[in-house]
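Worksheet for the structure shown next.
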Amino acid sequence: MTLYTTLDSPLGELLLVGEESATAPGGLALASLSVPGQKGGATVQDGWMYDPAAFAGIAHQLRAYFDGKLTCFGIAYAPARGTDFQRRVWQALEAIPYGTTTTYGKIAADIGAARGAVRAIGTAIGANPLLVVRPCHRVIAADGSLSGYAGGPVRKRQLLGIEGALPDVLPDVL
């Protein structure tokens, strides 16, 4: 069964979607975390059940992260529904340490893709259904600019600011 809730955050009201799981802590595996206006973000579907209590542990971790008190999530994820390439990119995202950034080119190298695959890497990152907890916000352009983020550049800057990881080179518009 698919469950959902919303959670107020510094990024706006988050939509959390989970699937019941016999092996996940609390019986729920997180399938999606979306921010308002997110490109490709989840929307509530018919048949989903609103159940804030099921997300209590996840909500606690998210609040601690936003308060700067949590640097590593202990959240079970629902099985990834992307392509093999997307799953490899998402796995590389999960290896980026809190408070650091990396580049699209480095992600390409980490997964054994050609350096020219940077655009494909960006597309795979943009399809990440687990914003914040699968830290795609930690990927920046080679010149240090924030570049794309499905949740928008202001939110990317907010998340990097929480982690103390804002790059030295930033576009003037942010």
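The values are calculated or read from the model by the stated rules, or taken from the named source; none is laboratory data. The model shown is predicted, which means the values in this text are computed figures rather than measured ones. A quick note on method: Cβ atoms are made from the backbone with ideal geometry, for glycine too, and the neighbour counts reach across all protein chains shown. All accessible areas refer to the heavy atoms of the entire protein, side chains included, with ligands and DNA or RNA removed. Shrake-Rupley method; radii C 1.70, N 1.55, O 1.52, S 1.80 Å.
Percent of alpha carbon pairs in the stretch 95-174 separated by more than 19 Å? Roughly 29 percent, rounded to a whole number.
Could you give the angle, 0 to 90 degrees to the nearest 10, between helix 56-66's Cα long axis and the longest principal axis of the Cα atoms of the chain? Result, in degrees: 30.
Compared with the dominant Cα axis of the chain, that is its longest principal axis, helix 84-94 is turned about 90°. Sorting the segments 132-142, 10-20, 104-114 by their mean number of nearby beta carbons within 10 angstrom, highest to lowest, gives 132-142, 10-20, 104-114.
Taking a cut-off of 22 Å, what percent of all Cα-Cα pairs in the chain are separated by more than that?
43 percent
Taking the Kirkwood radius as Rh and the Cα radius of gyration as Rg, the stretch 17-95 has a ratio of Rg/Rh equal to 0.96.
Taking Q45, Q91, Q61 in turn, the Gaussian network model of the chain (Cα-Cα springs below 10 Å) assigns the largest fluctuation to Q45. Counting only protein heavy atoms and a 1.4 Å probe, the stretch 1-110 has 52 square angstrom of accessible area per residue.
Measuring nothing but protein heavy atoms, the accessible surface of the chain at 1.4 Å probe radius is 53 percent carbon and sulfur.
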